[in-house]
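Asks: Handing you this structure, nothing more for now.
Read-outs: derived from the displayed coordinates by stated rules, not from any lab. From a predicted model like this one, the values you see are computed outputs, not experimental measurements. Counting neighbours? That spans all protein chains shown, and the Cβs are built from the backbone with ideal geometry, glycine included.
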Amino acid sequence: MVNSLGDLERRVMEELWSSAAPRSVREVHAALIRDRDLAYTTVMTVLDRLAKKGLVVRESAGRAYLYAAVHTREEMVAEVMHDALDGSEQDRTAALVAFVGRVTPEEAATMREALARLEAKNPTPSPN
């Protein structure tokens, strides 16, 4: 999902993720033109394209639309990771081992905590 986004689409998504409330084309455009010269209509087209892809929702607000991301950045990254791990069990295991081998000690601690919470919610049945 995120990997299939172009540079401008990614920047627009970053702007939406950074906001607690839905944003108008004008607001997204104003934020993006600080870094690069962009036409208002270009930002409008990108937001429309993201809506058609199902990555943002659009709601009417008078004569304008407000846009918000459907998923959080973390949810989209998790989906990309899950898609990347799609394959045979052997390939998936090898990819997970390689990934874990590259995390920092802090990230490893976070992963252990997340796994502990998951296991507490879904305990493995004991063999009889």
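Asks: Mind checking the full-extension length gain between Phe99 and Glu79? Use 0.36 nm per residue of separation minus the Cα-Cα distance, one decimal, nm.
Replies: So the chain would gain 5.7 nm between Phe99 and Glu79.
Asks: Suppose R0 equals 35 Å. What FRET efficiency, 1/(1 + (r/R0)^6) with r the Cβ-Cβ distance, do Ser60 and Met111 give to the nearest 0.05?
Replies: 0.25
Asks: So I have (1) 25, 15, 14; (2) 38, 17, 14; (3) 20, 17, 14, and one of them is semi-axes √(5λ) of the Cα gyration tensor in Å calculated from this model. Which one is it?
Replies: Recomputing semi-axes √(5λ) of the Cα gyration tensor in Å here picks out (2).
Asks: Counting only C-alpha contacts under 8 Å and six or more residues apart, can you give the relative contact order of the chain as a whole percent?
Replies: Over the chain, the number comes to 21 percent.
Asks: Compare the peptides 28-38, 67-77, 99-109 by average per-residue count of other Cβ atoms within 10 angstrom and give them in order, highest first.
Replies: 67-77, 28-38, 99-109
Asks: In addition: Roughly how many nanometres apart are two label points built 7 Å out from the Cα toward the Cβ at Ala68 and Leu8?
Replies: Here the modelled spin labels are 2.6 nm apart.
Asks: Tell me the relative contact order for region 2-69 as a rounded percent, counting alpha carbon contacts under 8 Å between residues six or more apart.
Replies: Worked out over region 2-69, it gives 36 percent.
Asks: Under the Karplus relation 6.51 cos²θ - 1.76 cosθ + 1.60, θ = phi - 60°, what is the ordered set of whole-Hz ³J(HN,Hα) values for region 86-96, x standing for Gly and Pro?
Replies: My calculation for region 86-96 gives 5, x, 5, 4, 5, 5, 4, 4, 4, 5, 5 Hz in order.
Asks: So, one more: Just how large is the dipole of region 2-69 about the Cα centre, in debye to the nearest 20, putting +1 at every Lys and Arg Cβ and -1 at every Asp and Glu Cβ? Display every interim value, and only then the final one.
Replies: On the way: 11 positive and 9 negative charges, 34 e Å.
Its charge dipole is roughly 160 debye.
Asks: Apply the Karplus parameterisation 6.51 cos²θ - 1.76 cosθ + 1.60, with θ equal to phi minus 60°, to every residue of region 65-78 and state each ³J(HN,Hα) to the nearest whole Hz, in sequence, with x for glycine and proline.
Replies: Karplus-based 3J(HN,Hα) across region 65-78 equals 10, 10, 10, 9, 5, 6, 10, 6, 4, 4, 5, 5, 5, 4 Hz.
Asks: May I ask for the net charge around His82, where only other residues with Cβ less than 13 Å from the Cβ of His82 are counted and Lys, Arg are +1 while Asp, Glu are -1?
Replies: -4
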